[in-house]
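To start, the structure under review is shown below, and the notes come after it.
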Amino acid sequence: MAHDPFREQLEVDRLLRQGIEAVEGTNQISDGNPICVVDLGEVKARYQLWTQHFPHVAPFYAVKCNSDLKVLEWLLRLGAGINCNTLAELEYVLGLGFDAKKITLTHPFKSQTLLHTARLRGVSMLSFDTIEELDAIQKSFPEAELLLRIATYETVYGKRTPSHFGITTEDIEDYLKAAKQRDLKVVGVSFHSEAGGDPTQSFQSGIIQAIETIPHIIKMAIALGFHPRIVDIGGGFIGQSFPKVAGAIAEALARTLPPGFTIIGEPGRFMVDSSTTIACKVLGIRGCSRGRSNIPAVICINSSVFEDFAMFVTDYVEPYVEPFKVHSRYLTWKERGQKSGEGRNYMVAGYSLFEADEFVKIIRVHHDINVGDWICFRHMGAYSNPPSAAVGGGESRTMKLYHITE
């Protein structure tokens, strides 16, 4: 069945209602649990969008973005590779059945335990960008296949600034020589733009500039006796700008790289952000704005940035918030999207009372929100769980429901 976003949203909404009814039951005064619906059909649609616009770039999903078991099982079924950072992530994805040859380790500070485990399990593709890491790899995993991580550049206040991680252009040859002196094997180049899918030209131009340096790096590597064959273009892609950005990058890759190279990418947010919707119950309202619609009231919900909304602390994202159940009645799709008529301003805060938990500063809602109502948050699939959460989801009081479209 072809992917139909409208039909998918109707099914997601049905599951949200089902979850709310299960949580509330006959006890209408219960604080309830947040409801999370994951649309695996949306994950599949994003995977297919990637392969459509990047037919020669193998997706290695960044597991830190969302380590939900069913999401990973779905990506395994679709044929994705995996990008890992930690020992817990590595052991988790290997346990799910991902091929060790389709896993990359790109954390800039790999522990000896991680390197030792990777060696035992046959996960050999590692990036590096420091001499210290070369020393650690020489000690624990000398036969690893290394990707030299280079810096990307973006213009900040008129100044060309390198990314936090990666080797700057003038130091690349020295690092290749250092790898050669340690009898290590460099098989390619990697980079990651820190512009994070910026819809301006910064993200796209940073990647294209990095691609354009690769022929020179290949020439230096071959002169030192290496046999480069892999390029990792990193992640940071977002759905809204993806087709245009992917087209420009694919053209640069085709124009620049010699034949026979394997190209991989590390999509995280792109694969999963649109897959997840979270519904939360309103526990309280403070400073109600009735009659003063320009002054926001604060809605307190039954979750927080320490549970389901970590992305609002670690990375700015535009919230997609809408009322879902108001005055004990589920709003229709048309009512939820209402933009006309009198509206009210609200802020949304978690129940922790930490300042960072006021994570939605201003939303305009054309319905009166009351204690006991439910509001929902769309596009919550990426980085929604805090970094301290266990890989694979761990224990959570949030009810998860899944929609699968074959």
Problem set entry | Partner aspartates and glutamates for LYS102 [C-alpha distance under 12 Å; skip if fewer than 8 residues away on the same chain] | GLU266
Seminar exercise, completed: From the cross-link list LYS139/LYS177; LYS64/LYS101; LYS244/LYS361; LYS70/LYS185, the entries with a Cα-Cα span beyond 27 Å are LYS244/LYS361; LYS70/LYS185
Exercise. How do THR51, THR276 line up, fewest other C-beta atoms within 10 Å first?
Worked result: THR51, THR276
Exercise. What distance in nm separates the simple spin-label points at LEU69 and GLU251, each placed 7 Å from Cα in the Cβ direction?
Worked result: 4.6
For this session: If a/c stays under 1.5 just call it rounded; otherwise compare a/b with b/c (prolate if a/b is bigger, oblate if not). Do that for region 43-270, with a ≥ b ≥ c from the square roots of the Cα gyration tensor eigenvalues.
Result: oblate
Problem set entry | HIS366 paired with GLU143, simple spin-label distance in nm, labels 7 Å along Cα-to-beta-carbon | 6.6
Seminar exercise, completed: In degrees rounded to 10, the 0-90 angle between helix 131-140 Cα long axis and the longest Cα principal axis of the chain is 80
Problem set entry | Electrostatic dipole magnitude of the chain [Cβ: Lys, Arg +1; Asp, Glu -1; Cα centre; debye, to 20] | 500
Seminar exercise, completed: In nanometres, the difference between 0.36 nm per residue of separation and the alpha-carbon distance of THR130 and THR332 is 67.2 nm
Exercise. How large is ³J(HN,Hα) for each residue in region 249-263, as worked out from phi by the Karplus curve 6.51 cos²θ - 1.76 cosθ + 1.60 (θ = phi - 60°), to whole Hz, x for Gly and Pro?
Worked result: 5, 4, 5, 5, 5, 5, 6, 9, 7, x, x, x, 7, 8, 10
Exercise. Within the chain, what percent of beta bridges assigned by DSSP are antiparallel, to the nearest 5?
Worked result: 45
Problem set entry | Amide H contacts under 5 Å for VAL360, placed H, 5+ residues apart | VAL348
Exercise. Could you work out Rg/(2.2 N^0.38 Å) for the chain, with Rg from alpha carbons only?
Worked result: 1.08
Exercise. Pick from GLY265, GLY343, GLY234: which is most flexible by mean-square fluctuation in a GNM of the chain where alpha carbon atoms under 10 Å apart are linked?
Worked result: GLY343
For this session: Would you mind calculating the relative contact order of the chain from Cα pairs under 8 angstrom and at least 6 residues apart, reporting the percent as a whole number?
Result: 20
Problem set entry | Angle between the chain longest axis and helix 172-181 axis [Cα atoms, degrees, rounded to 10] | 60
Exercise. For region 117-130, what does the Karplus curve 6.51 cos²θ - 1.76 cosθ + 1.60, with θ = phi - 60°, yield as ³J(HN,Hα) per residue in whole Hz, taken in order and with x for Gly and Pro?
Worked result: 5, 4, 5, 5, 8, x, 8, 10, 8, 10, 9, 8, 8, 9
Exercise. So who's got an amide H within less than 5 Å of the one on SER67, skipping anything under 5 residues away but keeping other chains? H placed 1.01 Å off N, in plane.
Worked result: GLY392
Seminar exercise, completed: The alpha-carbon center of region 197-266 and that of region 47-109 are separated, in whole Å, by 19
Exercise. Modelled label-to-label distance, ALA22 and ARG229, 7 Å Cα→beta-carbon offset: nm?
Worked result: 4.8
Exercise. Under a 5 Å amide H to amide H cut-off, with H placed in plane at 1.01 Å, what residues pair with PHE324 once short-range neighbours are removed?
Worked result: TRP374, ILE375, CYS376
Exercise. Stokes-Einstein at 10 °C, 1.306 mPa s, Kirkwood radius from Cα pairs: D for region 1-110 in µm² s⁻¹?
Worked result: 97
Seminar exercise, completed: In order over region 83-96: 3J(HN,Hα) from phi, Karplus 6.51/-1.76/1.60, θ = phi - 60°, whole Hz, x for each Gly or Pro, gives 10, 10, 10, 10, 4, 4, 4, 4, 5, 5, 6, 5, x, 7
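Every number here is computed from the coordinates shown, using simple stated rules; none is lab data. Every value quoted in this text rests on a predicted model; they were computed, and no experiment measured them. For neighbour counting, all protein chains shown are included, and Cβ atoms are generated from backbone atoms with ideal geometry for every residue, glycine included.
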